[in-house]
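What follows is a short report on a single structure.
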Amino acid sequence: MFKKTLITVVLAAALGGCVSQSTYNQAVQTANTYASQSRTYQALSAQLQKEVQADQVRIKELQGQLTVTLIDEIVFSSGSAQMNAKGRETLEKIVGTLQSVTDKRIVVRGYTDNEPIGYELRQRYPSNWELSTARSSDVVRFLQAKGIDPTRLEASGFGEYQPVAPNSTAAGRKENRRIEIVLTDMKF
């Protein structure tokens, strides 16, 4: 609501001759960006409605970025760095929307809790940091295989070092095991 009011005020001032053409053009571009981001948000919310209602997915807009957070085992089973069937099914729902937003970079961020990795997985991934990076890379490879331009894709892992909840409880650890897909401005 605030964005619409701000845009209306800026456009009204521009039309009244109170601002330069450059300022007016910038205001129109900003309004178009907000409208496009809002449409993308609405599309993702509709496509992931079931997962959002089950609190397995969260979608938020903040500071010009749109973030889709996939919580815990919806994408990866415990002790695995390969996407599970539910993860592939969930991502398949939003591939079309991600493809259509060609002016945005798609950053996939992997996070873990602070629990040590099991013996078998540790043979391949020495720490949660490597595991989180492998998981985000698996998501990126999936998106690329589905036709998203790889020059728009980025994978990064943060391991246990950016928790959103305390790791002292099972519920907190579940919140910290997540994948975030962030739509952000292209950086050249």
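The values are calculated or read from the model by the stated rules, or taken from the named source; none is laboratory data. Just so you know, these numbers come straight off a predicted model, no measurement behind them. We place every Cβ from the backbone using ideal geometry, glycine too, and count neighbours over all the protein chains shown.
Which of the residues spanning the range 84-123 are of a type in the set (S, T, N, Q), closer than 24 Å to residue 40 by Cα and surrounded by 15 or more Cβ atoms within 10 Å (Cβ to Cβ)? Step through it out loud before you land on a result.
We begin by selecting, within the range 84-123, every residue of a type in the set (S, T, N, Q); these are 84, 90, 97, 99-100, 102, 112, 114, 123.
From what is left, the residues that are closer than 24 Å to residue 40 by Cα are 90, 97, 99-100, 102.
Selection gives 90, 97, 99.
Please tell me if residue 109 is touching a residue at least 40 places away in the same chain (Cβ under 8 Å) and in a helix (DSSP H, G or I).
Numbers: touching a residue at least 40 places away in the same chain (Cβ under 8 Å): yes; in a helix (DSSP H, G or I): no.
For residue 109, the condition - touching a residue at least 40 places away in the same chain (Cβ under 8 Å) and in a helix (DSSP H, G or I) - is not met.
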Would you point out which residue out of 91, 48, 70 is in contact (Cβ under 8 Å) with a residue 40 or more places away in the chain and over 21 Å from residue 112 (Cβ atoms)? 48
For the range 124-134, does any single residue satisfy the condition of being buried (at least 20 other Cβ atoms within 10 Å of the Cβ), among the acidic types (Asp, Glu), assigned by TED's automatic domain parsing to the domain that holds residue 177 and modelled with pLDDT of 95 or more? no
Among (1) surrounded by 19 or more Cβ atoms within 10 Å (Cβ to Cβ); (2) touching a strand residue (DSSP E or B) at 6+ places or on another chain (Cβ under 8 Å); (3) among the charged types (D, E, K, R), which single condition is residue 154 missing? (1)
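Looking at 100, 80, can you tell me which residue is modelled with pLDDT under 95, closer than 20 Å to residue 56 by Cα, among the polar types (S, T, N, Q) and not assigned by TED's automatic domain parsing to the domain that holds residue 43? Talk me through it step by step, then tell me what you get.
Values: 100 fails: closer than 20 Å to residue 56 by Cα.
Only one candidate qualifies: 80.
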Residues being more than 19 Å from residue 60 (Cβ to Cβ) and touching a Leu at 6+ places or on another chain (Cβ under 9 Å) - total across the range 153-187: 3
Within the range 112-152, track down each residue that is among the hydrophobic types (A, V, I, L, M, F, W, C) and touching a residue at least 60 places away in the same chain (Cβ under 8 Å). 139
Kindly evaluate residue 178 against the criterion of being within 18 Å of residue 77 (Cβ to Cβ), surrounded by fewer than 20 Cβ atoms within 10 Å (Cβ to Cβ) and of a type in the set (D, E, K, R). no
All-but-one check, residue 78 against (1) farther than 21 Å from residue 185 by Cβ; (2) surrounded by 13 or more Cβ atoms within 10 Å (Cβ to Cβ); (3) among the hydroxyl-bearing types (Ser, Thr, Tyr), failing number (2)
Tally of residues being in a loop (DSSP other than H, G, I, E, B), modelled with pLDDT of 95 or more and not basic (Lys, Arg) across the range 154-188: 12
